[in-house]
Every structure is written in structure tokens, then in C-alpha cells.
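This report refers to the structure that appears directly beneath it.
The values are calculated or read from the model by the stated rules, or taken from the named source; none is laboratory data. Values in this document were obtained by computation on a predicted structure and should not be read as measured data. So basically every Cβ, Gly included, is an ideal-geometry build from the backbone, and we count neighbours across all protein chains shown. The accessibility values were calculated without ligands, DNA or RNA, using every heavy atom of the protein model including side chains. Shrake-Rupley method; radii C 1.70, N 1.55, O 1.52, S 1.80 Å.
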Amino acid sequence: MRRTLLSLLVLVASSGVVSLDGQAPAQPAFRAGTTVVEVSAIVTKDGVPVADLRADEVVVLDNGKPQELVAFEFVDLGRVEGPAQRRDFVLVLDDLHIAAEQSAPTIDAALALVDALGPYDRLAVSTTGAVNLSFEFSTQREAARETIRKFRGQMPRGQYMAGRLGGAEASARSRIALDVLGQICEAVRSDTAERRALLLFSTGYVELRPDIGNRDTQNIWPDYLELLREAALGNVAIYTVDPRGLRAPNTPAPWVSGGPPTMGSPTALASDVTGSNAILALNTGGVQTRWTNDLTAGYAQLLQDSRQYYRLAYVQPEPAPGKAQPQTRGIKVKVTRPGVDVRARQRYAPARDAS
């Protein structure tokens, strides 16, 4: 059951997204009950954004089947700062999954994000442990800094690494955090097509698997599905940072057991990446900052991704006759031009109201 204790007050201004011809992107009209899947694709060559792709060079596969695009455009907010170039960012400090001793480095890294934003960029700041919380997008930096400086991690000292918290409490904390993230993605959704980035500071959650059978662990899979659904509907990419910094490869996040997800499963990752932070970033089109003590190492990528990207959209496929929608659907964006790299969300949970 979704929590209702959050009151998210989000001020959404007109979109700063422009297409190649400088016009605001048109919103196609569809029959009632149709759900459009928005995908923001970051396309680069040797680390430099590719700005001249043609629609016939891009193929979007949904559960392995090519989709007809109803929107294709290169969004370029340019290098000159102005109201039309503003971007929206959400900073989430997951106090339920950050130990008190990690508060200081988390605060320092969060303040560095505030300093890195352009003058017209809007920022909203949230935590996961507040009982009643409201936030709004704002360009008022000092208010954001004041909120960040008050942050304190709530993970019991020493237990986030040793895993001594009981399964029930671990699951409860994970469910609350995922629910907050889902509600934020829902709240920032608007009629405009722009991409929004969410930067999450967290040490991670219990396993994101549909088949958890441990009697001491409550399954958080439905909460993860709801977050995936809202992130796709809101076109939100989640970037994750573990405030513990540099750790040995394959060191599990707190409460993660059983090794990496099975390849080909809904939570499958590259062989060198495991844990919920990686899953959230991979499946929403963000990036996981890992294996470094520089918690700000991914900021340049986060900011660039929100400045230049391809907006792709297609109609959510209907299930086969007599079949129900799968819990999640896979997305793969392929570009036929050689030598380019593509990053986009790789999975979403189908909207419930689609026919």
C-alpha cells in the first residue's frame, strides 16, 4: 500500500525543451487509454554528444520488438544560460540508509551539486525519513543549502555494514524509501516532455527481486515496480551515489545477499555491477557513481545528460490477446551509426490504465 503521508508541492513552469528547429515539441494526440512511453537517449561518440542523428538511424525495442516512434527530436539546451535553458533536478538524501557518520561527506557532496547548477536550473531537495515533507523546485540556492546542512543519517551506527538489522526493519526502511522516490517521480510529472534527473544518495536497499522467499524479509518488489512505473511516466532518470565512497568490487550493499541478479532477469546488470543503486540507475537511464571516494565524480555527466539528449516516444504495446501485461518491459535503444555509445532507460513497469 502506498504511503499518503507525503505532501509534495511541486511548482512546474513551462518547459525549456526545444527541438532541432527551435520550436517547443509538439504533443501528439492519442485515443483514450493510450500510454506513451518516453525515453531519453544519451548518444555520444568518444564522449562527445552526437547531435545529428536521423530517425531512420534509431531503433527502439520494447521486449525485443521494434516500435514505431511517435516522437523523435534532439533536445539541445545550448551553452548560454537563460530561462529557456533551465533544467529541473531533484536531490534525495536517503537518511534511512545513510549512517550518522556518513552525514558529513553526504552534506559536502550535496552542497557541491548546488554550486554546480546553472543560475536558472531549479532544484528540489528531499529526504526519505521525514514524517511530513513538502518540497518545491526553486532557484533559491541558500534555502537548498540550509536544508542540506541540516541532514543527518539515521542508519544505526556500525550496523549498515555488518547487516545486523533484522529483515523486517530492513524491508520497512527500503519500502519507505522506494515509496518516497515513487511519489517524487509522480509529483514532478507534467504535460511537458522534458527530462528530469534525480540524484539519490543512499547505501542501497534489500534485494530487488520478485521471488524473495525469506520469512524474515518482506518482499519490496511491488514498491520497486511502482517506482519504475512512475519514473517512466515522469521521464525521470535516477543517478545514484553511495556515500561510503570507495569499496572493494562486489562488496554488497546493506542487506543484499545471494550475489548478483541472474542475467536476463528483470534486475540483470553488467557482470561488474550489482546492488539496488545500480539497478535503479540502469533501469531509469541514470548513472551509478561507484568505486571512488570523489562522491561528485558523476556530476559533470549528470548535468550534461540533462542538457543534450534525444527525446524518443512510442505507444506502450498491448499484451497479446488473452494475456496480461508483464510486470516489467525491457527497452533497448539501438543506433545503426557505427562508433557511437547509447544510454537510456532499460526497463519500465507498464502503466495500469493502458488498454
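Things to note:
- The charge dipole of the range 39-81, taken about the Cα centre with unit charges on the Cβ atoms of Lys, Arg (+1) and Asp, Glu (-1), comes to about 100 debye, rounded to the nearest 20.
- A full extension of the chain between K332 and D115 corresponds to an added length of 74.7 nm, given 0.36 nm per residue minus the alpha carbon distance.
- Each listed q (0.24 Å⁻¹) maps to a log10 I(q)/I(0) for the range 43-155 from the Debye sum over equal C-alpha point scatterers, namely -1.26.
- Sorted peptide list for 316-325, 139-148, criterion being average Cβ within 10 angstrom, highest first: 139-148, 316-325
- F72 exposes around 60 Å² of accessible area when a 1.4 Å probe is run over every protein chain in place.
- Gain in span if fully extended, R352 to D294, counting 0.36 nm per residue against the direct Cα distance: 16.9 nm
- The 3J(HN,Hα) values that the Karplus relation (6.51, -1.76, 1.60; θ = phi - 60°) gives for the range 227-235 are, in residue order, 5, 4, 4, 5, 5, 5, 5, x, 6 Hz. Gly and Pro appear as x.
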